[in-house]
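The values are calculated or read from the model by the stated rules, or taken from the named source; none is laboratory data. What you see is a predicted model, and the numbers here were worked out from it, not measured in a lab. Quick reminder, even Gly has a Cβ in these numbers, built from the backbone with ideal geometry, and neighbours come from all protein chains shown.
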Amino acid sequence: MTALTKLFRTTTFRLSLTYLALFSAAAIVAIAYIYWNTTVLLSRQLNQTIDAELKGLAEQYRAGGLQQLVRTVAERSGTPGNSLYLVADSEGRRLAGNLSAVSPDLWNSLGPVEFVYRRPAAGGVENRLAFANVFRLPSGYRLIVGRDIEDRRELARMVRSAMLWGLGVMAVFGIGGGYWVSRKLLARIDAVSATTRTIMGGDLTGRLPVNGSGDELDRLSESLNLMLARIEQLMAGMREVSDNIAHDLKTPLSRLRNRVEAALREPYGEPVYREALERTIEEADGLIKTFNALLSIARLEAGAGGENRETLDVSALLRDVAELYEPVAEERGIELKAEAEVPIFIRADRQLLGQAIANLIDNAIKYGTAEAAERGSGVKPEVEVSAKAKGSIAEIMVTDRGPGVPVSDRERVLDRFVRLEASRSEPGSGLGLSLVAAVARLHGGSLRLEDNEPGLRVILALPMDGEALVNGAPHQASLGAEIRPA
């Protein structure tokens, strides 16, 4: 396909031709309507003028007979203008008037008639169009009264010429404009196609061009670029997840295999085998938990889950989860505080939200107290959990006094298998915050990491349903019976 053929087959060029055809048809109809109305108006004025002259000549004829009519016609013929007169006898000899000769057809006509007559002009004789009324008088005499209408024929020629020239100019500009617009649009489409071919070739860094005009193609390119950036991010995440899975799962699998081999090398004995099997089961349970967490995150990011939403009290759920972790905190010498006295009701999946809160508290207990313990200040490390309503948002906050998370890592730490602890001495797979972030997105909320000075403040923000209760006060009284405190 040649470039010109490709250009002519574009939608823009076809639309340009369609608009050109429609506009030309509209212009022709408008010009024809104006011309027709103008012709009707001129014809009406012409008939009225000729009728008025005929009435005047009829009065003269009745008053003085043929001689008076001849004198009147002779006088009027001498006045410059477009009026035409002729009084002739039965033989066709002119008695008065400014028509020198008439054709046989005009002579034998009766009533209104159009005809062509000749008159002297610069450089010779010219033929002109006229309109007249022919009357037969007694004794075969003829009276012809008319007007020169050559101007009307000239007007018709001008209208036809203007229409043809106008259509020609419109066609040139229309086709030229369509060609120019199509070339510009085709160039942008070709650039988009080239970028998509690059992306399909495996280069996910390619982006669609945006020329800054803000038109629909720019808006489409910007939306697609956001989509491509998200796809690139997801693909990078998949590669990182694959690498992390290979790294994090290889170690426990190797330990599991080595432990079985060590048990086989030991002398036969039930206690040795039992211990090896028990530790193998523990390792297998850890692997299963990791895969279950991955499956949960995948389901949440795909929009699945959360079908069992109910109106629940965040404060009560927060206290229940914190109570479960109090023995763990006491064992590690940590003071766990739960400050959520005011009821805050939202609509959410109780199990998913409880798991998210448990992950946040577990992370704070594991990693959020190391710095305070290392300082040896004598101050008991603490983890504080609280909930509050801020406008239409319910915020669940978990704070600690640990080393915190650097600003540069606060986005990365929400990805899967990301652990900032280089030694990896604490149990875990780096999926806890990823699961919390997925739960937040599923409920239309967000997860933020902030500086607690010192330590880390993690805020899980969730929108409150329009039918929920805030501070124990119902937005709609009819919903009071539906609220079930946790």
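Brief remarks follow.
- Restricting attention to the stretch 36-46, the residues being in contact with a strand residue (DSSP E or B) (Cβ under 9 Å, 6 or more places away or on another chain) and in contact (Cβ under 8 Å) with a residue 60 or more places away in the chain number 1.
- For the criterion of being surrounded by 17 or more Cβ atoms within 10 Å (Cβ to Cβ), out of contact with any helix residue (DSSP H, G or I) (no Cβ under 8 Å at 6 or more places or on another chain), modelled with pLDDT of 80 or more and over 24 Å from Glu331 (Cα atoms), Met397 fails.
- Only one of Glu421, Glu382 that is at pLDDT 85 or above, closer than 29 Å to Glu330 by Cα and not polar (S, T, N, Q): Glu382
- When the criteria are applied in full, Ala21 meets the requirement of being small (Gly, Ala, Ser) and either at pLDDT 85 or above or closer than 20 Å to Val172 by Cβ (or both).
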